[in-house]
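See structure below.
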Amino acid sequence: MMELLMSIVIGVLTACGVLMMLRARTFAVMLGLTMLSYAVNLFIFVSGGLTAGKGAVLGRSDIYSDPLPQALVLTAIVIGFAMTAFLVILAIRARADLGNDHVDGNSGKSQEDSA
Amino acid sequence: MMHHLPILPILVPLLTAALLLLPPFQAKLSRQRWFSGAGLLLLLVVSVLGLVESSTGVSSFYLLGNWPQPFGIVLVHDRLAAMFVLLAAVLAFAAWLFSLGGEDGQGAFYHPLLHFLLMGINGAFLTGDLFNLFVFFEVLLISSYGLLMHGGGKARARAGLHYVLMNLAGSAVFLLALALLYAVLGTLNIADMALRINQLEPSQALLVKAAAGMLLLVFGLKAAVLPLHFWLPSAYSSAAPAVAAMFAVMTKIGVYCLLRVFGTLFTEPGHPLQDFGQQLLWLAGLATLLLAAIGVVAAQSLKKLVAYLVLVSVGSLISVLAIGTVPAIAAVLYYCLHSTLIAAALFLLADVIAQQRGTVADRLVSGRPLQQPVLLGTLFIVAALAVVGMPPLSGFVGKIWLLQAATEVSERAALWSVLLLSSLLVLIALTRAGSTLFWRLNRQQAGSESASLPQLYAVLSLLLCSPLLVIFGDAVMQFCLATAQQLQTPLAVMTAGGNQ
């Protein structure tokens, strides 16, 4: 049951993320990338196996959960957070420099003029 | 001290960059310049020492935190890593020299970012751990985002946005591949992964294959192979010239990762995953080569043309890399050195030429005469000869070697026709560009601005590498061959390496 729920959550997040990334406005793309990184983080987190009741600290339990995916996901979260922050600033800068928030820097109407 | 040599190419730029951010250096540009230069000089010394040490043929391991393999993160310091670290250091030195012409003052953090970028690049070259490779990728990427935006402007904002978005999506795919590989193999040490892949059951091999496909996508994006190359021309041509020159090594990181990761993981003879992706890379490489050559002919500005030349070199490297024999990989390594240095020289030269043409800048239309036509013309001809592959420069040696790498008739037919056709197209495009820039002049007076000395020295030092690669050709080729040989036996080396 847990496996099914987890895979549906990751799948839906990934699908939404990819869909949003294909949009033409920077804000939507940013949201898409954020969703994709959530999906990826969950995916890394479950890569050590999905089981409940395993010990996290040595000496408290007979079997232990794999600590490495937790370390990996922590690294991935930190890096993803920094990258998202950078992307927000970059998108605002591009909005100011180019005059609109289209990913190609030209609003739909004046595409011929600016090209 | 020699014991810690493998980690110094990461530590030196890290410390330099961190110190450069402190107030005494932030306040004055001149102090930043000298300290940054001193850091680079130290890095060059360290890289040369590393190269000398690695050329004894013993690859050393550096265990971070002294955790035993395969549990801790390990740095692998072999010929391949040492060679690329030195290449990055030489490029960075030229970029630093060029930026003394005034470019480093256009934005706030040029020098620290350059060193952080170097730290990421060297880390990616040295690490023997796949997750650590991801982390160093991110270090070099976030510095490159900053450097790409250096100086600001509309074109850079647009190209920067595309570059950042593409790479963020790439990082997400990289993480998916990593998690999948870890779930199946239970390790992230590349050498250990190779051992475990050989013991897999067929059902699990399919999962590894899926992960390998994603890795191929990520490295293809870094190397800018055909369907994933659209970000490169606009990003490289709009970046500040010193930055673009430094970026010339970035596509080679993709090539390096293909060599290191795929060359280690999927080499077991008879294994279902043996030589995974080679067929795809072969076709994609040839297609990149052809389309990039068309791009070179179609380019309307010199910087765009040079950006497409980077793609031409990527196409040649990837297609020959896919052949996979020892001479082929040796040829790839030699051509990597040559094409990186010359592409960087051309980016710098394009900007020097553009500065003297006033408002038309580097666009390939008739403009006013240059202030220093003879000097710049000579430099342009030398660079063009090297990049096209005419004797007596390194491009000739490199291309001959690439052509010789194809041994089977079908390979020869494909590679020779595509590579020679693309060379012809590049020759035509460069001839046309050169005659437009230097001979199709309008009646305006030449401007008064002449190229500053640091900029000229930077171009000269990079161009000088081309004849040096020919004069010391035998030594360089022997080194490349030995490197390719060493790559053929990664597992034996890794397991025999032991503790350091």
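The values are calculated or read from the model by the stated rules, or taken from the named source; none is laboratory data. For clarity, every value in this text was computed on a predicted model and none was experimentally measured. All Cβ positions, even for glycine, are placed from backbone atoms using ideal geometry, and neighbour counts span all protein chains on display.
When segment A:18-38 is limited to residues that are free of Cβ contacts under 8 Å to residues at least 40 places away in the same chain and at the interface with another protein chain (Cβ under 8 Å from one of its Cβ atoms), the one that is farthest from A:A91 (Cα to Cα) turns out to be A:L36. When A:G32, A:G11 are checked against the criterion of being more than 30 Å from B:S143 (Cβ to Cβ) and not in a strand (DSSP E or B), A:G11 stands alone in meeting it. Restricting B:L8, B:L22, B:L63 to residues that are more than 17 Å from B:A124 (Cβ to Cβ), touching a residue at least 24 places away in the same chain (Cβ under 8 Å) and not charged (D, E, K, R) narrows the list to B:L63.
Restricting segment A:61-71 to residues that are surrounded by 13 or more Cβ atoms within 10 Å (Cβ to Cβ) and facing chain B (nearest Cβ under 10 Å), which is modelled with the lowest pLDDT? By that ranking, first place goes to A:D66.
Residues to consider are A:L74, A:L31, A:L36, A:L98; find the one that is aliphatic (A, V, I, L, M), at pLDDT 90 or above and crowded, with 19+ Cβ neighbours inside 10 Å. Of the residues listed, the single one that is aliphatic (A, V, I, L, M), at pLDDT 90 or above and crowded, with 19+ Cβ neighbours inside 10 Å is A:L36. When residues in segment B:38-60 are screened for being free of Cβ contacts under 8 Å to residues at least 60 places away in the same chain and in contact with a strand residue (DSSP E or B) (Cβ under 9 Å, 6 or more places away or on another chain), 3 of them pass. From the set of residues in segment A:77-95 that are more than 10 Å from every other protein chain (Cβ to nearest Cβ) and under 23 Å from B:D129 (Cα atoms), which is surrounded by the fewest Cβ atoms within 10 Å (Cβ to Cβ)? Looking at the filtered set, the residue picked out is A:F81.
Across segment B:320-356, what is the number of residues that are among the polar types (S, T, N, Q) and within 16 Å of the chain's Cα centre (by Cα)? Qualifying residue count, segment B:320-356: 2. Within segment B:354-367, being buried (at least 22 other Cβ atoms within 10 Å of the Cβ) and assigned to a helix (DSSP H, G or I) holds for no residue.
Please work out if B:L80 is surrounded by 22 or more Cβ atoms within 10 Å (Cβ to Cβ), in a helix (DSSP H, G or I), modelled with pLDDT under 95 and at the interface with chain A (Cβ under 10 Å from one of its Cβ atoms). So B:L80 fails the test. When A:S61 is tested against (1) assigned to a helix (DSSP H, G or I); (2) touching a strand residue (DSSP E or B) at 6+ places or on another chain (Cβ under 9 Å), only condition (1) is not met. Only one entry of B:L375, B:L379, B:L402, B:L370 meets the criterion of being in a loop (DSSP other than H, G, I, E, B), more than 17 Å from the chain's Cα centre (by Cα) and in contact (Cβ under 8 Å) with a residue 40 or more places away in the chain, and that entry is B:L370.
Yes/no matrix, rows are residues, columns are (1) out of contact with any Pro (no Cβ under 9 Å at 6 or more places or on another chain); (2) modelled with pLDDT of 90 or more; (3) among the aromatic types (F, W, Y); (4) closer than 15 Å to B:D104 by Cβ:
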| position | (1), (2), (3), (4) |
| --- | --- |
| B:H3 | yes, no, no, no |
| B:P9 | yes, yes, no, no |
| B:L15 | yes, yes, no, no |
| B:A18 | no, yes, no, no |
| B:P24 | yes, no, no, no |
| B:S30 | yes, no, no, yes |
| B:R33 | yes, yes, no, yes |
| B:G37 | yes, yes, no, yes |
| B:L42 | yes, yes, no, no |
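Going by the structure shown, is A:F43 in contact (Cβ under 8 Å) with a residue 40 or more places away in the chain, among the aromatic types (F, W, Y) and either assigned to a helix (DSSP H, G or I) or within 11 Å of chain B (Cβ to nearest Cβ) (or both)? Judged against the criteria, A:F43 is not a match.
Restricting attention to segment B:221-236, the residues that are surrounded by fewer than 24 Cβ atoms within 10 Å (Cβ to Cβ) and hydroxyl-bearing (S, T, Y) total 1. You will find that of B:V46, B:V90, B:V58, B:V52, the residue that is over 30 Å from A:A96 (Cα atoms), assigned to a loop (DSSP other than H, G, I, E, B), of a type in the set (A, V, I, L, M) and out of contact with any Gly (no Cβ under 8 Å at 6 or more places or on another chain) is B:V58 and no other.
The helices (runs of 4 or more DSSP H) falling completely within segment B:105-215 that include 1 or more residues that are within 14 Å of chain A (Cβ to nearest Cβ), under 25 Å from A:V46 (Cα atoms) and of a type in the set (S, T, Y) map to B:154-185.
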